[in-house]
Structures are given as C-alpha cells and as structure tokens.
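Reviewing the structure listed below.
The values are calculated or read from the model by the stated rules, or taken from the named source; none is laboratory data. Only a predicted model underlies this, so the values are computations on that prediction, with no experimental measurement involved. Heads up, the Cβs are rebuilt from the backbone with ideal geometry, glycines too, and the neighbour counts pull from every protein chain shown. For the accessible areas, the whole protein counts, side chains as well, though only heavy atoms, and no ligand, DNA or RNA atoms are used. Shrake-Rupley method; radii C 1.70, N 1.55, O 1.52, S 1.80 Å.
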Amino acid sequence: MTFLAITVLGHDRPGIIAETTGVLAQLGLNIEDSTMTLLRGHFAMMLITGGSADATTVEESLGALTADGSLSVSVREVPAEQVVARGTAYLLSVHGGDRPGIVSTVIAEVAKVGGNITDLTTRLAGELYVLLAEVDLPPAADPAALESALGEVAGGLGVEVSLRALESDDL
Amino acid sequence: MSEPSSEVVGRILPVVRAPDPVLSRPGATVDPTAPEIVQLAADLVATMRVSPGCVGLAAPQVGVSAKVFCVDVSEHPKTRGHHGTFVLCNAEVVSASRNEKAREGCMSVPDLTGDVKRASRLVVRGQEPGTGAEVVIEAEAFEARALQHEIDHCDGLLFLDRVVGAHALHARKTYL
Ligand SMILES: [Zn+2]
C-alpha cells in the first residue's frame, strides 16, 4: 500500500473535485482523509490516498487539471502515520483588528508549552481577523498558565483571546 | 410582557462592527428606571426594527457599554414559541439545558457565521426598562438562542468566543 499526499490549488470553478476524485477512482485509489476549502476565493484541497499507483502516475493522470494553468497539483508519497491523541484538546479563539504577527505571536505561546495544533482556521473579514485553533496540550502543561500568557500577548496585540476545553457530547 | 413604552420615540442608531473594542468590554449594570436607559431601550428596538432579519440587538452593538438588549424572534422562520418584542436590563441566565448546535450570525460580525452550541431551554431573569420590574422569562429553541447571544453581548462576548471548533466558522452565504 502506497500513501500519497495530493494538493490541488488555484482558481475555483465548479467540477474540480469531481474531476480530481474521478481520476483517483480510475486509478483505484482510496481517499483516506481529505479537506477542501476556499481561501480568499482560491480553491484549496488536500487529500491522503491509499492504493498501489505511484506519485508520478497520479500526477500525470491529473495533468488535465493543470493544462490551462489555473490550477496546480502536487503529488508525493508519504509514510503511514499513527494517529495518536496527545493530552487534552482545547479550542483557542482569537479575534480583533487585523495586524501583522497575530498568528505567529499567539501560536508561539502554544508551542512554548508543547501544545500541538491539530486544526487551524484563520479568516480576515473586513477589518476583523479571527483565528481558531484546536490544540492538544500535553499532561504537563498548565492550561490556566497558558491562558494567562495568551492574555498577555493578546493585550499587546490588541486582540481578544480565549482558551476553552473542547467538549464532545457522546450521543 | 408589555411592549416597550410608546411615550419614548426610539432613534435609529448605527450598529458597530467587530473589532470595535466596545463589543469586547463587559457592559455596565444599569438602573432600568433611568430616563437614558428607557431611551436606550427604545433606540435598540427602533434600530432592530429597521434591520432586516435582526432578531435582537444589545447596547454594546450601538456603542453603549451597558447590560441592555432587545429581542424579537416573532417574525423569524425558525421560531416556535416566543414573547414578542421585549427589552431586558441586567439580564442573567437562571437555568439552561438541552444544548443544541446551530449556525448563527451577528450584525456586528456581518461577514461570518459560526456553529455555536446553546441551551434550547432557558430561564432568564432581568428587569424591564421604565418600571424596573423584575421579569423571569422561560424561553425555548430559537428565542433561547437569541437571548443567550444578547446576554453574551452584554458580557463582552461574541459568537466568535463560543464556536464549537476550528472549522466552525463560515463565510456568510445567505443574508436574512
Ligand atoms: Zn450579535
């Protein structure tokens, strides 16, 4: 089994996902995990596939997507990864006026205590900048201390910050 | 519950948008009988009425850092039971149960919506502007959501502080 990391980026139009997944299906590739969104209007998709086709074959097969230059595709082989839950999950929320360095300054505090970001979204909407990050904190980390450190850098940046334990309701 | 006093004519005020700092500051506790609070209550209702799809408006959204808001979900398609138009001062949640997740927006964050978990059964206590009478409201479903959203505004919180995950924020697609 070969795992491939595939990215498709560029100008959005209807049909990109249909064409991409159609090619992958023809090659007998299984889509293990994928995510797609629009980033400032640009199409952005990432997938991990499993199957027997190699990276070069897949990239060539996706050639039609890149033919008019509006999309770029990359395919490379990746090793299998163990998915391990590390520590406790928190949601970090930051919002405020847009200015350079919000993400790097805030995320540096998370990195200092060994926090691992598992999901991240940032949005710029007019003047408003919003960052949401799901963070796994190691057992040794002190969430209250992290929250106060985050509060301090947020004050310097003029943004609001909160760190909440992520709950999941089992139904 | 009675409609806000008709003797005071509400003014239509501009609605401030995030990242205006007034939206992130906890509002002051108010004297519900003070004339300026009665005027503010009327202003909030007047401003809500002229804003398409608006089901609630809190004082910080018109630039006043105070615990006053109005709600009216009666015209909204998601509404089940409701209490018509009302204004509450110094409101607080007495009890909340049965969390439900839904996507909500805000006039002060016009370009984004977010998935937020809120209680669908809610008891809120507050005071009526003018008389200052204490009122207790039992709300459910969409009205309960609106009340929690407005009480959050009065505490300096936006739905951005409540979304359920890193992928729970969305570009607004429909304008209600
Ligand atoms: Zn709002």
Taking segment B:10-23, which residues are crowded, with 22+ Cβ neighbours inside 10 Å and among the small types (Gly, Ala, Ser)? B:Ala18
Pick out, from segment B:64-176, the strands (runs of 3 or more DSSP E) lying fully within it that include 3 or more residues that are hydrophobic (A, V, I, L, M, F, W, C), over 22 Å from A:Leu91 (Cα atoms) and within 13 Å of the ligand (Cβ to nearest atom). B:68-71
Only strands (runs of 3 or more DSSP E) wholly contained in segment A:58-171 count here; list those with 3 or more residues that are of a type in the set (Ser, Thr, Tyr). A:88-97, A:116-125
I need the full set of residues from segment A:53-76 which are touching a strand residue (DSSP E or B) at 6+ places or on another chain (Cβ under 6 Å) and open to solvent by 70 Å² or more (accessible area, probe 1.4 Å), in order please. A:Glu59, A:Arg76
Please list, ordered by first then second residue, the pairs with beta carbon atoms under 8 Å, 6 or more apart or interchain, first in segment B:93-108 and within 19 Å of B:Leu169 (Cβ to Cβ), second surrounded by 15 or more Cβ atoms within 10 Å (Cβ to Cβ) and among the aromatic types (Phe, Trp, Tyr). B:Glu104/B:Phe159; B:Gly105/B:Phe159; B:Cys106/B:Phe159
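Determine, yes or no, whether A:Glu167 is at pLDDT 95 or above and out of contact with any strand residue (DSSP E or B) (no Cβ under 8 Å at 6 or more places or on another chain).
no
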Out of the residues in segment B:75-96 meeting the condition of being modelled with pLDDT under 95 and loosely packed, with under 15 Cβ neighbours inside 10 Å, tell me which one is nearest to B:Ala133 (Cα to Cα). B:Gly84
Any hit, segment B:144-155, residues being within 14 Å of chain A (Cβ to nearest Cβ), in contact (Cβ under 8 Å) with a residue 40 or more places away in the chain and not charged (D, E, K, R): yes
If I ask for residues that are open to solvent by 10 Å² or more (accessible area, probe 1.4 Å), over 18 Å from A:Val130 (Cα atoms) and touching a Pro at 6+ places or on another chain (Cβ under 9 Å), which ones from segment B:143-176 would you list? B:Asp155, B:Tyr175, B:Leu176
